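This report concerns only the one structure given below.
The values are calculated or read from the model by the stated rules, or taken from the named source; none is laboratory data. Fair warning: this is a prediction, and the values are worked out from it, not measured in the lab. Counting neighbours? That spans all protein chains shown, and the Cβs are built from the backbone with ideal geometry, glycine included.
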Amino acid sequence: MKRSTWFCFTLRIVAVLALAPLGLTYADEPTPWVFELKGGLFEPDLPLYKDFYGDDDNGYVAVAFGYQFRSWLEMGGEIGYSRDSGVGVQPANSQLAGSVKYTLVPAHLYVNLLGKKDDKQLFVPYAGLGLTTAYYRQEIESQSNRDGRTDLGYNARVGVQLLLDRLDPGSARSLSGSGRVQTYLTLEAQWFTTEVDNTDLGGVTYLLGLRFEWGKGK
């Protein structure tokens with residue numbers, strides 16, 4: 001099964017789990033501001049990526065900032081970064097050429113639905129959808145560099161947040177610097193698609209991160 005198809009199927013299942021608690025009573029005043037640091041693996045949907053770069057995945061880091069309008073609804077923006085190096089191909093004869101470096105910087109705007117009923121909940125599942133564009137740059141030895149911005153595409157994400165304050169309040173406070181900040185460990189999978197010249201530069205990312213929430217309601 002294609003990765004994107006598998007991811008969309010998983011998204012539907014997790015979305016149902018995330019939305020199931022919506023019938024419960026939620027906290028009236030959420031902790032509105034959100035900041036996240038994430039890192040993990042990126043699996044591009046580019047054809048022959050493994051042939052050029054030696055593997056079918058690459059390291060990926062991201063930073064996100066958002067706002068919770070309700071305890072179950074938030075909107076945010078995220079910037080990611082991935083860079084890889086490999087061997088280029090001569091366009092005239094498809095023969096191996098010099099080294100190639102590939103950089104991708106996706107920018108996501110998203111809306112998340114969270115299965116969160118109160119600020120003390122240990123596990124918080126969530127799912128989201130949004131829009132994506134990206135900056136790309138390809139540097140090939142003895143050839144002209146290629147760079148620019150991709151067309152507007154889409155993203156989807158599913159994940160779960162683990163409240164560290166419940167497990168280890170002392171360590172959580174040392175990370176946040178204040179007991180007024182909620183600290184979470186996050187596990188997330190993302191899928192995004194964004195094209196340039198009919199070539200999709202998107203793919204699937206698997207991310208582990210730290211999430212901080214702060215503001216009113218504490």
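Observations
- Within the range 42-62, the residues that satisfy the criterion of being surrounded by 15 or more Cβ atoms within 10 Å (Cβ to Cβ) and either at pLDDT 90 or above or within 17 Å of GLU188 (Cα to Cα) (or both) are PHE42, GLU43, PRO44, ASP45, ASP57, ASN58, TYR60, VAL61, ALA62.
- Some residue of the range 90-111 being at pLDDT below 80 and on the phi > 0 side of the Ramachandran plot: yes
- From ARG180, ARG157, residue being at pLDDT 95 or above and either in a strand (DSSP E or B) or touching a Lys or Arg at 6+ places or on another chain (Cβ under 6 Å) (or both): ARG157
- Pairs linking a residue in the range 143-157 that is on the phi < 0 side of the Ramachandran plot to a residue that is small (Gly, Ala, Ser) and in a loop (DSSP other than H, G, I, E, B), with Cβ atoms under 9 Å and 6 or more positions apart or on different chains, are THR150/GLY202; GLY153/GLY202; TYR154/GLY202; ASN155/GLY202.
So that you can scan it fast, the table gives a plain yes or no per residue for (1) under 18 Å from GLY80 (Cα atoms); (2) of a type in the set (Val, Ile, Thr); (3) buried (at least 21 other Cβ atoms within 10 Å of the Cβ); (4) modelled with pLDDT of 95 or more:
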site: GLY130; (1), (2), (3), (4): yes, no, no, yes
site: GLU141; (1), (2), (3), (4): no, no, no, no
site: LEU187; (1), (2), (3), (4): yes, no, no, yes
site: GLY203; (1), (2), (3), (4): yes, no, yes, yes
site: LEU210; (1), (2), (3), (4): yes, no, no, yes
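- Condition met for ALA18 (at pLDDT below 55 and within 18 Å of the chain's Cα centre (by Cα)): yes
- Taking the range 78-89 as the range and being buried (at least 17 other Cβ atoms within 10 Å of the Cβ) and at pLDDT 95 or above as the test, the residues that pass are GLU78, GLY80, SER82.
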